[in-house]
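Written below as structure tokens is the structure these notes are about.
The values are calculated or read from the model by the stated rules, or taken from the named source; none is laboratory data. These figures come from a predicted structure and were not determined experimentally. Because the Cβ atoms are built from the backbone with ideal geometry, glycine has one as well, and the counts that use them run over all protein chains shown. Heads up: the accessible areas ignore ligands, DNA and RNA and are worked out on the full protein's heavy atoms, side chains in. Shrake-Rupley method; radii C 1.70, N 1.55, O 1.52, S 1.80 Å.
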Amino acid sequence: MTGPVNVEFPEGGSEDRGYMAVTTLVDGTPVRVFNAAPDAAELAVMWGLAADADPECGPSAARTCGPTIDWRSKFDYILLRGFAPLDHGTHLTPHSDHDLVRADPRRT
């Protein structure tokens, strides 16, 4: 992984919030990977460039998304550009209050 970034937002609420990013290789192609709150202003432009692996999800509250966190809300997304999901899903895990979110993408 290259180009790591770790930024903390100044107004994080009850716990520290921010985003992390790295570049990694997927099938030999460099892919930028972000970890952040989906409504973060810094990532807003990404919603115009990529889609969630779950086609029912996005930044709009009008969309119907499956839950990804213990209190059954959608907090975790996998945004794809140049890839389409063959399959996607969430799985409960004892290691976090967030569910494991996965996607099996294919190049488009």
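Numbers below:
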item	result
Residue match in region 85-99 (condition: of a type in the set (A, V, I, L, M, F, W, C) and more than 20 Å from Met20 (Cα to Cα))	yes
Residues that are of a type outside the set (D, E, K, R) and over 13 Å from the mean Cα position of the chain (by Cα), drawn from region 70-88	Trp71, Ser73, Gly82, Phe83, Ala84, Pro85, Leu86
Test result for Glu42, among the charged types (D, E, K, R), at pLDDT below 85 and assigned to a loop (DSSP other than H, G, I, E, B)	no
Scan of region 67-108 for residues that are closer than 22 Å to Pro30 by Cα, in contact with a Gly (Cβ under 7 Å, 6 or more places away or on another chain) and surrounded by 13 or more Cβ atoms within 10 Å (Cβ to Cβ), ordered by number	Arg102
Selection status of Pro94, in a loop (DSSP other than H, G, I, E, B), more than 15 Å from the chain's Cα centre (by Cα) and at pLDDT 85 or above	yes
Flag for Glu11 being modelled with pLDDT under 75 and open to solvent by 40 Å² or more (accessible area, probe 1.4 Å)	yes
